[in-house]
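The values are calculated or read from the model by the stated rules, or taken from the named source; none is laboratory data. Every value quoted in this text rests on a predicted model; they were computed, and no experiment measured them. Note that we place each Cβ from the backbone using ideal geometry, even for glycine, and neighbour counts take in every protein chain shown. Side chains are part of the model used for accessible areas, which takes the heavy atoms of the whole protein and leaves out ligands, DNA and RNA. Shrake-Rupley method; radii C 1.70, N 1.55, O 1.52, S 1.80 Å.
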Amino acid sequence: MKKFIKYVIKNYFAIPLIGLIILIFTFFSKTKLSESDLSHAYATEINSYGWVTNVDKIAGFILGSSTLRYGISANRLSKNDSVWINFSMDARDPVVLYYLLKKYYTLKKPKIILVGLDPWIYAKKYYLYRNKIMYLDLNEYQMLNYLSTDYFVFIQKARFLLQDFFSPNKKKDEKMYNYNIPDDYGSSYINKTPLNFDDSFSDKFEIKSTGWSDLQFDYLEKINLFCVKNKIRVIYIIPPKKNKYIKVANTLFLVQHNIWWQKICNRLENAEVLGNYSTFKNINQDSIFADIYHLNKNGQVLFTKFLKDNLNKTSEISPEYSVFGND
């Protein structure tokens, strides 16, 4: 009996003890995500654009999240035989956009790129929709606040830390794939009835609990510096929003928007900007929006034409530039 008790204590008590040690290690560990770590983590996502190599003549790149994926038609923006490539994707952030730009610029050398600016992309709350390596960028307080939306935040972070510990010399996969050119060169569209807008939500960005992501602003600056170095014209695009969202954002989220825009201005001195939330405020909203953030197919046609007509009518990014537009 004594031997059995010793066996149980020795073998079964050790498991939760090891688990506790790992959780404590995870909770208090601090790490800085390197370019090597991030490029490796996103290698599959980046290399899935092998079809870009089959495009003969490229006019420019579109880099953004869902608002530019659905808001711009690459085909309609293109002229003659020179086409635009849309690298935008749902919740896509400056981190991935930077590596996409670096990889495919060397192959195609575009002279101009459009970069979308949406404030929630820069909130750490949006790590929920990204590769879980981003959890390494959360501090102790932010991890605790993340438990309400992702119960596995500690496990995910521990997995990456242990993986890095046991396999420190990771090699990035450089093999590209998916060589079939999509119909609209990466653009897509939404066709659905506009959703009812609930203006009772309290904090879109949850800045108090999880904070802004300095990493995203750092990589936005990296994109800008890369373009300056390679003499690429870069225009930062603010996609339109539905009037009902503008009304609420201009009250409930005005402080967050102002902080976000100031951070943008600090990183993108003298850069060009085009558009604002109110670009289509005088057009029937249900006819051009799929929801409060995204244009539908009709809206995509209008916004693409707006960009095509105004690429040479940009303003300079500054604290005085109105993201919301003029009333």
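Structure notes:
- Scanning the range 278-295 finds one or more residues that are surrounded by fewer than 18 Cβ atoms within 10 Å (Cβ to Cβ) and more than 24 Å from residue 188 (Cα to Cα).
- The number of residues in the range 203-236 that are closer than 15 Å to residue 122 by Cβ, outside any helix (DSSP H, G or I), modelled with pLDDT of 95 or more and not polar (S, T, N, Q) comes to 2.
- Single unsatisfied condition, residue 299 versus (1) part of a strand (DSSP E or B); (2) out of contact with any Leu (no Cβ under 9 Å at 6 or more places or on another chain); (3) not acidic (Asp, Glu): (1)
- Selection from the range 307-327 of residues that are part of a helix (DSSP H, G or I) and under 23 Å from the mean Cα position of the chain (by Cα): 307
- Among the residues of the range 228-244, those that are surrounded by 20 or more Cβ atoms within 10 Å (Cβ to Cβ) and of a type outside the set (A, V, I, L, M) comprise 236, 239, 240, 241, 242.
- In the range 137-156, residue modelled with the lowest pLDDT [restricted to those that are over 17 Å from residue 209 (Cα atoms) and out of contact with any Lys or Arg (no Cβ under 8 Å at 6 or more places or on another chain)]: 155
- Unique residue being at positive phi and open to solvent by less than 40 Å² (accessible area, probe 1.4 Å) when the list is 299, 275: 275
- Filtered residues of the range 50-72 (kept if part of a helix (DSSP H, G or I), of a type outside the set (Gly, Ala, Ser) and over 17 Å from the mean Cα position of the chain (by Cα)): 51, 52, 53, 54
- Residue match in the range 28-49 (condition: modelled with pLDDT under 75, outside any loop (DSSP other than H, G, I, E, B) and more than 24 Å from residue 177 (Cβ to Cβ)): yes
- Scanning the range 101-118 for residues that are surrounded by fewer than 23 Cβ atoms within 10 Å (Cβ to Cβ) and either free of Cβ contacts under 8 Å to residues at least 40 places away in the same chain or of a type outside the set (Ser, Thr, Tyr) (or both) gives 102, 103, 106, 107, 108, 109, 110, 111, 112, 118.
- Single residue of the range 77-89 satisfying the filter (assigned to a loop (DSSP other than H, G, I, E, B) and either in contact (Cβ under 8 Å) with a residue 12 or more places away in the chain or in contact with a strand residue (DSSP E or B) (Cβ under 8 Å, 6 or more places away or on another chain) (or both)) that is surrounded by the most Cβ atoms within 10 Å (Cβ to Cβ): 88
- Of all the listed residues (259, 264), the sole one being open to solvent by 30 Å² or more (accessible area, probe 1.4 Å) and either among the hydroxyl-bearing types (Ser, Thr, Tyr) or under 19 Å from the mean Cα position of the chain (by Cα) (or both) is 259.
- Extreme residue, nearest to residue 310 (Cα to Cα), among residues of the range 90-100 that are in contact (Cβ under 8 Å) with a residue 40 or more places away in the chain and open to solvent by 10 Å² or more (accessible area, probe 1.4 Å): 98
- Test: residue 134 is open to solvent by less than 50 Å² (accessible area, probe 1.4 Å), touching a Lys or Arg at 6+ places or on another chain (Cβ under 9 Å) and modelled with pLDDT under 90: no
- Residue match in the range 51-66 (condition: closer than 30 Å to residue 207 by Cα, touching a residue at least 60 places away in the same chain (Cβ under 8 Å) and open to solvent by 10 Å² or more (accessible area, probe 1.4 Å)): yes
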